[in-house]
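To start, the structure under review is shown below, and the notes come after it.
What follows is calculated from the coordinates using simple rules that are stated; it is not laboratory data. The structure presented is a predicted model; accordingly, all values stated were derived computationally and were not measured. Ideal geometry is used to build each Cβ from the backbone, glycine not excepted, and the neighbour counts take in all protein chains shown.
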Amino acid sequence: MKSWHRISTVLIFNCLVSAAVQAQAVSKPEVRQNALSTAEALLQIKQPSVPVDSIDPFNSIGYSQAMGLARPSVTEGPRAGPRTDRDILNAIGAQLKPSGNFIIGGQQTLIFGQKRVKAGMPMTINFEGTEYTIEITAIDRTSFTLRLNREELTRPIK
């Protein structure tokens with residue numbers, strides 16, 4: 001019993017001494033206010049002073065103009081020329097959004113509106129006036145893989 005009493009007395013004494021030391025470590029209000037004022041001044045966002053007629057080095061259009069090069073047209077439509085299978089597959093894949101998926105007979109099945117598609121089944125899709133036959137090569141729990149000719153694309157199921 002006496003040892004517990006001694007231990008608790010020593011612990012209380014240590015707590016009082018550490019509290020006294022910490023009380024001396026707290027700065028005066030004037031010193032704290034000066035530190036806060038300095039910190040606020042350093043954290044203020046200042047706009048850089050750049051001459052109006054200067055060219056932004058990170059602006060490729062401004063760089064092109066300064067070098068006397070033609071400015072690229074922003075209003076250009078889709079790129080001209082034949083599209084690759086990869087481009088077509090990316091465009092079609094971005095539009096394909098299955099409404100759900102489930103397992104029938106141990107096989108994953110995707111649902112596109114009223115149509116149910118299993119892995120290995122081809123789908124005929126009309127894209128930009130042309131019909132393409134795309135094959136669903138794999139269906140996972142969270143994604144599915146499309147194939148057009150030799151190109152493959154994996155899309156998430158959302």
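The H on the amide N of I157, modeled in the peptide plane, is under 5 Å from the matching H of S143, F144, each at least 5 residues off or on a different chain. Within the same chain, aspartates and glutamates fewer than 8 places from K158 are excluded, and of the rest, those with a Cα less than 13 Å from its Cα are D140. Each peptide in 143-153, 129-139 receives the mean, over its residues, of other Cβ atoms within 10 Å, and ordering these scores from highest gives 143-153, 129-139. Take every pair of alpha-carbon atoms less than 8 Å apart whose residues are at least six positions apart; their mean separation over the length of the stretch 85-156 yields a relative contact order of 26 percent.
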